[in-house]
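The values are calculated or read from the model by the stated rules, or taken from the named source; none is laboratory data. Everything quoted here is computed from the prediction, not taken from an experiment. Every residue, glycine among them, receives a Cβ derived from its backbone with ideal geometry; neighbour counts consider all protein chains shown. Remember, those area values only see protein heavy atoms, side chains included, never the ligands or the DNA or RNA. Shrake-Rupley method; radii C 1.70, N 1.55, O 1.52, S 1.80 Å.
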Amino acid sequence: MYKQYVSVTEAVEIILANVPPLEVEFVSLQQAINRVLAEPVIADCPVPSFEKSPLDGYAVRFDDVRQASIDAPIKLKVIEEIPAGHVPVKQLCAGEAARIMTGAMLPKGADTIIKFEETHLRIDSNQHFIDDNQQIEIFACPKSAGNYAKIGEDMNSGDLIVAVGRLIDAATVAVLATFGYRQVKVYKQPRVIVFASGDELVDAGEKPSIGKIRNSNEPSITAQLQLWGAKATAGGIVPDNKDMVAKELLSALEHNQVVITTGGVSVGDYDIMKEVYQEIGAEILFWRVAMRPGTPMVVAKWKDKIIFGLSGNPSASYISCELFVRAFILRLQGNSDVWRPFVKATLTTDIGKIVDQDRFLRAVSSIDKCGKLVVASLPKQKSGVLANLVDANALIYVPAKSSHINTGDMVDIILLKPPGVHIYG
Ligand code: AMP
Ligand code: MG
């Protein structure tokens, strides 16, 4: 017999314990954004790989310029100009400088860079040098030699720069490009199909006749899955009919690693989902989670594929997706970071009813003008209510049977989006 009324933590543990083996593929650097790295990025050369100038200015010998000041400038001869990408050909001797651009290689003999702003060209009104052996004046000098970019100061050969399991962002792409990756090994995006079940449902494009409603769950879950990197397909609406649902599920399982259904998982006369899962040979991992909204939920395993049966209530299905499906989908892509930030915030509203199950209240979090994270629960917390999900950027976690929670109390919240920021007026 399967488990019932599992806790939220237990549900997540069971789900993550059933992540099938991950698959990998190579993609081009251009396609790598938002994919998860399946190979470590290890520096195969030092960066920088040569000593280079961080400034536009003059490469000099510290010993020549250490006494330079506005009142007593040091005069030097310019022996070479070194643009970025060019190799210096001369070695600096006493009394000499090389004009050097940002990113260019330091000439031999140089150990200090003086920026243009601290130098002066000694030319006359006809733009000719006043003295060919003393073409520039240096007005200032750093405290010590060595104000150039050293070999390996950014990354050293053999350094682990990005670990396996990291989501590839623009900064990771920059690192990959630096080390010459044209292809990068990433985890495959899981194929997931989403069905909505219920005789009352019509497609979003249709006008519902009396007693019917538009299907909002399948489009919203498909959208959530896309945000989390899955290849999501909208499977459409299936009726409350066991044979028809079974047929759809079996064909969906052939082509997808994950199947999600909404509706039909409670105890109503037409709540057929759990029986259908069993009839097609799936093993039920658990049924019902001790939480609100979203108590009705069933998770099953069919070969190495997973089926999530979520509640039909729109906010219940959305929140269950956030708490359970998201972690599974991210881990299935090898992502090492599957958790939303779980942080403490000060409550700015009272929380009335306390129940014997964990609750996740739709809420708005923000940083107040003192820089403190605050959170307000939204009105209308019924699982059938959809509209306030649009404003919710956080879920307040109210543990089962906690005593009354009031304005000013500290609560745990899950950040679904970054908190709003108080704009100073
Ligand atoms: P159920 O989980 O099938 O008992 O459905 C619970 C509630 O959610 C009922 O009021 C359904 O009409 C509604 N519902 C079920 N599926 C959807 C859906 N795909 N989109 C919007 N509402 C739904
Ligand atoms: Mg139903």
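For Val259, indicate whether it is touching a helix residue (DSSP H, G or I) at 6+ places or on another chain (Cβ under 6 Å), at pLDDT 95 or above and either surrounded by 23 or more Cβ atoms within 10 Å (Cβ to Cβ) or closer than 18 Å to Arg35 by Cα (or both). When the stated conditions are applied, Val259 passes them. The condition (being within 14 Å of ligand 1 (Cβ to nearest atom), aliphatic (A, V, I, L, M) and not in a strand (DSSP E or B)) is satisfied by just one residue among Ala223, Ala234, Ala196: Ala223.
Of all residues in region 199-219, exactly one satisfies the criterion of being in contact with a helix residue (DSSP H, G or I) (Cβ under 6 Å, 6 or more places away or on another chain) and either within 12 Å of ligand 2 (Cβ to nearest atom) or assigned to a helix (DSSP H, G or I) (or both), namely Asn217. Inclusion of Gly205 among residues that are of a type outside the set (Ser, Thr, Tyr) and buried (at least 24 other Cβ atoms within 10 Å of the Cβ) is not warranted. Scanning region 263-295 for residues being within 16 Å of ligand 2 (Cβ to nearest atom), within 23 Å of Ile329 (Cα to Cα) and touching an Asp or Glu at 6+ places or on another chain (Cβ under 7 Å) gives a total of 2.
Inspection of region 249-256 identifies at least one residue that is touching a residue at least 60 places away in the same chain (Cβ under 8 Å) and either away from ligand 1 (no atom under 12 Å from the Cβ) or on the phi > 0 side of the Ramachandran plot (or both).
Answer yes if at least one residue in region 209-224 is farther than 30 Å from Ile168 by Cα, open to solvent by less than 40 Å² (accessible area, probe 1.4 Å) and out of contact with any Asp or Glu (no Cβ under 8 Å at 6 or more places or on another chain), and no otherwise.
No, the conditions are met nowhere in region 209-224.
Val186 - would you say it is in contact with a helix residue (DSSP H, G or I) (Cβ under 7 Å, 6 or more places away or on another chain) and either of a type in the set (A, V, I, L, M, F, W, C) or not in a loop (DSSP other than H, G, I, E, B) (or both)? Answer is no for this residue.
In region 197-223, the residues that are among the aliphatic types (A, V, I, L, M) reach residues that are in a loop (DSSP other than H, G, I, E, B) and more than 6 Å from ligand 1 (Cβ to nearest atom) with C-beta atoms within less than 6 angstrom, at least six apart or across chains, in these pairs: Val202/Pro208; Val202/Lys212.
Annotation note: of Leu22, Leu37, Leu55, the sole residue that is open to solvent by 50 Å² or more (accessible area, probe 1.4 Å) and over 30 Å from Val289 (Cα atoms) is Leu55. Scanning region 162-174 finds no residues that are out of contact with any Leu (no Cβ under 8 Å at 6 or more places or on another chain), at pLDDT 95 or above, within 16 Å of ligand 2 (Cβ to nearest atom) and closer than 30 Å to Val36 by Cβ. When the residues of region 147-179 are narrowed to those that are closer than 25 Å to Leu22 by Cα and among the charged types (D, E, K, R), which ends up most open to solvent (accessible area, probe 1.4 Å)? Ranking the candidates gives Arg166 first. Scanning region 329-377 for residues that are surrounded by 12 or more Cβ atoms within 10 Å (Cβ to Cβ), small (Gly, Ala, Ser) and farther than 25 Å from Ile14 by Cβ turns up Ala345, Ala363, Ser365, Ser366, Ala376, Ser377. When Ala110, Ala177 are checked against the criterion of being in contact (Cβ under 8 Å) with a residue 40 or more places away in the chain and over 26 Å from Val41 (Cβ atoms), Ala110 stands alone in meeting it.
Evaluate region 237-255: report whether one residue or more is within 27 Å of Val355 (Cα to Cα) and either surrounded by fewer than 21 Cβ atoms within 10 Å (Cβ to Cβ) or within 16 Å of ligand 2 (Cβ to nearest atom) (or both). Before the answer, list the steps.
Taking region 237-255 as the starting set, the residues that turn out to be within 27 Å of Val355 (Cα to Cα) are none.
Checked region 237-255: no residue is within 27 Å of Val355 (Cα to Cα) and either surrounded by fewer than 21 Cβ atoms within 10 Å (Cβ to Cβ) or within 16 Å of ligand 2 (Cβ to nearest atom) (or both).
What are the pairs, 6+ residues apart or on separate chains, where a residue within region 75-96 that is over 19 Å from Thr119 (Cα atoms) has its Cβ under 7 Å from a residue that is of a type in the set (D, E, K, R)? Cβ pairs passing all conditions: Pro88/Glu80; Val89/Glu80; Lys90/Glu80; Gln91/Lys108. Those residues that are over 15 Å from Leu22 (Cα atoms) and surrounded by 15 or more Cβ atoms within 10 Å (Cβ to Cβ), I need them from region 180-199; list them, please. Of everything in region 180-199, those that are over 15 Å from Leu22 (Cα atoms) and surrounded by 15 or more Cβ atoms within 10 Å (Cβ to Cβ) turn out to be Tyr181, Val184, Ile193, Val194, Phe195, Ala196, Ser197, Gly198.
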